[in-house]
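Working notes for the structure below.
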Amino acid sequence: MIWRARKLKHRLCIVLLIIGLTGFCWVQDFQASAWASPGADVFQGFTRHIGAQIEKDKREFSLADTCTIWFYKQIGQKPPRPEVEKIHFFPLGQTEPDVDCVKLFPEGLEQARQAFGQAQQLLSLSLTFFQMALVGDGDDNQEYSSDEIQDVLESFGLPFHEGQPLGSYMGNLTGLFDTIRREVQFNVLMEGMQILMNKGYRFTGADETALNQELN
């Protein structure tokens, strides 16, 4: 019976391919893949969500950095380089920015400096959270097991319900990141990561490689 169903689906896909309706087959294959590895879907979805925000933070940081340097040059001073919290990221400041810094920061240098400090802090937080998400994948197989999801959630005081589909936790994880970033809760993030480390999780060489890719 199973063999006949598979054969029927194969024939249907061939017919749909001929008439150009390939979407049905693609959706069926995608769903089969997703059902086969919900833990991988959660890990990939979670890290992609954080990674998308990192890219936005990097752009904001680069703009503020470039314009801060440009404003300092206008007054003939060398810009100081403040200490960076947590994870370092320094874009190469452009000699002549391709953005209108006066339009972007109409209040001038001080506004650009404030934007730089804020962007620096948010980028650092996003990168640190990405690091935590990598650490939560204890065996570095780019997939969360139910135990790993439970450990990550409980490290931040969130509940885990035995028997609940892994995919249902995606919103909990992305929501945790969004909330911590929005409220700039570095202390909550660091405390949660420390709890995770106390459970035996570690920042591995594979994690470092993945994190460096986000910095590039």
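Can you find a residue in segment 136-143 that is closer than 19 Å to P38 by Cα, assigned to a loop (DSSP other than H, G, I, E, B) and either free of Cβ contacts under 8 Å to residues at least 12 places away in the same chain or among the β-branched types (V, I, T) (or both)?
There is at least one residue in segment 136-143 that is closer than 19 Å to P38 by Cα, assigned to a loop (DSSP other than H, G, I, E, B) and either free of Cβ contacts under 8 Å to residues at least 12 places away in the same chain or among the β-branched types (V, I, T) (or both).
So, in segment 43-78, of the ones that are part of a helix (DSSP H, G or I), among the hydrophobic types (A, V, I, L, M, F, W, C) and modelled with pLDDT under 95, which residue ends up surrounded by the most Cβ atoms within 10 Å (Cβ to Cβ)?
If we take residues in segment 43-78 being part of a helix (DSSP H, G or I), among the hydrophobic types (A, V, I, L, M, F, W, C) and modelled with pLDDT under 95, then C67 is surrounded by the most Cβ atoms within 10 Å (Cβ to Cβ).
If you scan segment 92-114, which residues turn out to be under 27 Å from F186 (Cβ atoms), touching a Phe, Trp or Tyr at 6+ places or on another chain (Cβ under 7 Å) and at pLDDT below 90?
If the condition is that a residue be under 27 Å from F186 (Cβ atoms), touching a Phe, Trp or Tyr at 6+ places or on another chain (Cβ under 7 Å) and at pLDDT below 90, then no residue fits.
Hey, among I195, I180, which residue is without any contact (Cβ under 8 Å) to a residue 60 or more places away in the chain, closer than 30 Å to C67 by Cβ and of a type in the set (V, I, T)?
I180
The values are calculated or read from the model by the stated rules, or taken from the named source; none is laboratory data. On a predicted model such as this, the values are computed, not experimentally measured, just so you know. All Cβ positions, even for glycine, are placed from backbone atoms using ideal geometry, and neighbour counts span all protein chains on display.
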